[in-house]
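For reference, the structure discussed in these notes is given below.
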Amino acid sequence: MKTSMALMFSLLCVGCSHLPVHSKQSDHAQQSIEVYKSLQSRQCENSGLSLSQLKQQLQTAKIKVLSEREGDTGKAYIQMCGAPDGRLGVFKIDVKDLSKATTLGFKPFTY
């Protein structure tokens with residue numbers, strides 16, 4: 001019994017010794033950040049801004065957009081025509097451009 005317990009413990013230690021201590025993200029992932037801004041769209045209306053319009057704001061400020069997507073605030077909204085729908089434009093940019101983006105009204109996107 002003691003021998004089998006010692007063997008199991010040894011195997012566990014050897015198996016765990018090959019696990020990485022920490023995961024290293026790619027250099028690109030460490031140098032970029034996602035920022036967002038409201039699309040200002042409302043329910044039951046064809047209103048608000050498009051992703052391309054928000055992207056243009058960033059590009060006009062000489063901010064390189066690495067990727068773009070539509071997101072939402074994750075909050076519940078009253079279901080009523082004319083009420084906000086919580087849609088966001090989310091853009092991945094270089095970290096060095098964050099201060100320029102916040103000047104334009106973009107905020108860091110957190111999950």
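Pairs Lys62/Lys96; Lys64/Lys96; Lys55/Lys75: which exceed 18 Å Cα-Cα?
Long pairs (Cα-Cα over 18 Å): Lys55/Lys75.
Local charge sum around Ile63 (other residues, Cβ-Cβ under 10 Å, Lys/Arg +1, Asp/Glu -1)?
Neighbourhood net charge equals +3.
Give the dimensionless ratio obtained when the Cα radius of gyration of the stretch 36-90 is divided by 2.2 N^0.38 Å.
Ratio of Cα Rg to 2.2 N^0.38 Å: 1.22.
Given 20 °C and 1.002 mPa s, how large is the Stokes-Einstein diffusion coefficient of the stretch 62-110 in µm²/s, with Rh as the Kirkwood radius over Cα pairs? Don't jump to the answer; show the numbers that get you there.
Details: Rh = 12.5 Å.
Rounded, D is 172 µm²/s.
Full extension from Glu70 to Gln56: what is 0.36 nm times the residue separation minus their Cα-Cα distance, to one decimal in nm?
Using 0.36 nm per residue and subtracting the Cα-Cα distance, I get 3.5 nm.
Under a point-charge model restricted to the Cβ atoms of Lys and Arg (+1) and Asp and Glu (-1), what is the dipole moment magnitude of the stretch 32-108 relative to its Cα centre, in debye to the nearest 20?
So the dipole magnitude of the stretch 32-108 works out to roughly 260 debye.
Say each of Asn46 and Gln31 gets a label point 7 Å from the Cα, pointing the same way as Cα to Cβ; how far apart are those two points in nm?
So the two model labels end up 4.2 nm from each other.
Are there GluC sites (Glu not before Pro) in the stretch 30-111 that DSSP puts in a loop and that have at most 14 other Cβ atoms within 10 Å, and which ones?
Values: sites: Glu34, Glu45, Glu68, Glu70; in loops: Glu45.
Those satisfying the criteria are Glu45.
Read-outs throughout are calculated quantities, based only on the coordinates presented, and are distinct from any laboratory measurement. Since the model is a prediction, treat every value here as computed from it, not as a measurement. Positions of Cβ are backbone-derived with ideal geometry, glycine not excepted, and every protein chain shown enters the neighbour counts.
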